[in-house]
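Colleague: Just dropping this structure here.
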Protein chains: 2
Amino acid sequence: MTKQTARERLARAAFELFDERGYEQTTVDDIADRAGVGRTTFFRHYRSKEEVIFPDHDRLLARIDGRLTTSSSGTALVAVSDAVRLVLLHYLEEGDLARRRYALTSKVPALRDREIASVARYQRLFREFIAGWMGDSGASSLRAELMSAAVVAAHNHVLRRWLRGDSADPVAEVDAAMRDVIGLFPVADPAASPAAPGTTVVAFSTGKGLDALLPELRRLLEGDG
Amino acid sequence: MTKQTARERLARAAFELFDERGYEQTTVDDIADRAGVGRTTFFRHYRSKEEVIFPDHDRLLARIDGRLTTSSSGTALVAVSDAVRLVLLHYLEEGDLARRRYALTSKVPALRDREIASVARYQRLFREFIAGWMGDSGASSLRAELMSAAVVAAHNHVLRRWLRGDSADPVAEVDAAMRDVIGLFPVADPAASPAAPGTTVVAFSTGKGLDALLPELRRLLEGDG
DNA sequence: GTAACGACGGTACGCAGTACCACGACGGGT
DNA sequence: ACCCGTCGTGGTACTGCGTACCGTCGTTAC
């Protein structure tokens, strides 16, 4: 008999009860009772009822932070993309546990909000890293914001696909998604990129002249009162 | 004297107390007492203590939803950009109230998380709208995710600049930021043209009239033609 | 006048999370 | 063997948010 720690028994009991009755219908007393420990012990191991579901999130966040600060990639966006891959791998290692958590967060709004708040912390980390990597000038601030948002969005997209069982090879998908994201932000080359930040028209025809475009423009404009 | 409603007195009392003692140090009883009403009345007007700070968020979300579904812009991204401008304007109209809320959410983690969750609902709205506008094919799903994330990030960037007092003309800034975002995603009109080099103008901000855009259009088209 | 309705206040309750104290298991030193 | 610190634990009491329920008062309709 390997002696189970109270922490493990609590986690097991919590997920059992969440599956049986649902999250909100389960009290902390219920969890502690089934785990065979006192209510106080629960709060010693988990700061809140929600934390049973997201136990090692803080550690992961710290790992990602460390990974970024010791990064030696060529560009900030690539470094962040690598870090994102780490996050995805973490979920993949969790396996079924991650899927059970996903099932819960999909049903319970409070947990969904908590999950979103967690993701926002990663995004903040990424944003600060990117902003620090570039200068902290005003224009690059928006760029850093957009980059971090895009990276996180791409990660979430692939992760949710895998959680739903729609992805057989999420690692390959996240790599592809990250390439897409990196492709969105071309290295500053005003001669090559047609639409520098601050300009209005972003796509244009090499085949039609302006006159041919005008009717289409008018139609689009008039559509909005 | 216009007779103040209980709802107004409660909001005023709440913000007073939050300023004096901080959010967590203020109980619902404190608020109700200062407003001169019973504790029950508080929860009749606000579902929770947090909702005093974000009162009409649901209405705004519904307004944005309606705006999107009745939109007739040329592209989904432009329609969403216009909706984003509405959101920004809502905050601008709130004026000092929005800044006080910002001061609170900056200090209190629980409120920050709540704010993030609210923003996520907008992003979800945008993502679903964009995904519906395109086909629901797999590839465009990631694209919709990236677009909505970028739009929301740009909005938040400008909004926070204004909230901090760093922006004198946030409307102009958000227009510029939206143009940047649209510029990230070249051509998003499957009906008009395939995504081959040499495509047609499909995206521009409706913030300006056509006349104001024409010189810029001419300059860009002639410069690259 | 009275009956219906709506806003209000009060009480009681459930539950999350915190503070504090008391007890037993364990190990190390004399 | 004895003492002593520490650590994990359980128990109790408390604060505070949010809900349910009930009684009261004022307004309006008929």
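Colleague: Out of every Cα pair in region A:56-184, what percent are spaced more than 25 Å from each other?
Modeller: Values: 1915 of 8256 pairs.
In whole percent, the share of Cα-Cα pairs in region A:56-184 beyond 25 Å is 23.
Colleague: A follow-up question, please. So how do A:ARG39, A:ARG100 rank on accessible area, 1.4 Å probe, biggest first, that is with the largest at the start? Don't jump to the answer; show the numbers that get you there.
Modeller: On the way: A:ARG39 120, A:ARG100 85 Å².
Largest accessible area first, the list is A:ARG39, A:ARG100.
Colleague: Still on this structure, please answer the following. For B:GLY165, which inter-copy label distances result when the label point lies 7 Å beyond Cα on the Cα-to-Cβ vector, reported in nm to one decimal and in ascending order?
Modeller: Computed spacing set for this position: 5.6 nm.
Colleague: For region B:6-52, state the average projected area of the convex hull of the C-alpha atoms over all orientations, rounded to one decimal in nm². Don't jump to the answer; show the numbers that get you there.
Modeller: Details: hull surface 10.2 nm².
Over every viewing direction, the Cα hull of region B:6-52 projects on average to 2.5 nm².
Colleague: Next question, about the same structure. Quick check: the distance between the Cα centres of region B:159-180 and region B:68-143, to the nearest angstrom?
Modeller: 15 Å
Colleague: Assume the label is 7 Å from Cα along Cα to beta carbon: what separations in nm does B:ASP19 have to the matching positions in the other copies?
Modeller: Spelled out, the distances from B:ASP19's label point are 5.3 nm.
Colleague: Moving on. Just need the relative contact order of region B:6-52 here, percent rounded to a whole number, with Cα pairs under 8 Å and 6+ apart. Let's see the in-between values first.
Modeller: Numbers: 36 pairs, mean separation 19.0, N = 47.
Relative contact order here is 40 percent.
Colleague: Also, I was wondering about something else. Within 9 Å, Cβ to Cβ, of A:ARG101, how many net charges do the neighbouring residues add up to if Lys/Arg are +1 and Asp/Glu are -1? Walk me through the numbers before you get to the answer.
Modeller: Values: positive: A:ARG99, A:ARG100; negative: A:GLU94, A:GLU115.
Around A:ARG101, the charge tally is 0.
Colleague: Still on this model: A:ASP169: accessible area at probe 1.4 Å, nearest 10 Å²?
Modeller: Using a 1.4 Å probe on the heavy atoms, I get roughly 80 Å².
Colleague: If you roll a 1.4 Å probe over the heavy atoms of the protein chains, what accessible area per residue do you get for region B:6-52, in Å²?
Modeller: Working: 2580 Å² over 47 residues.
About 55 Å² of surface per residue is accessible.
Colleague: Which value, in square angstrom to the nearest 100, describes the accessible area buried between chains A and B on both sides, using a 1.4 angstrom probe? Mind dumping the intermediate values first?
Modeller: Values: alone 13810 and 12860 Å², together 22300 Å².
Using a 1.4 Å probe, the pair buries roughly 4400 Å².
The values are calculated or read from the model by the stated rules, or taken from the named source; none is laboratory data. Because the structure is a prediction, the values reported are computed rather than measured. With ideal geometry, Cβ positions are generated from the backbone for all residues, glycine too; neighbour counts draw on all protein chains shown. For the accessible areas, the whole protein counts, side chains as well, though only heavy atoms, and no ligand, DNA or RNA atoms are used. Shrake-Rupley method; radii C 1.70, N 1.55, O 1.52, S 1.80 Å.
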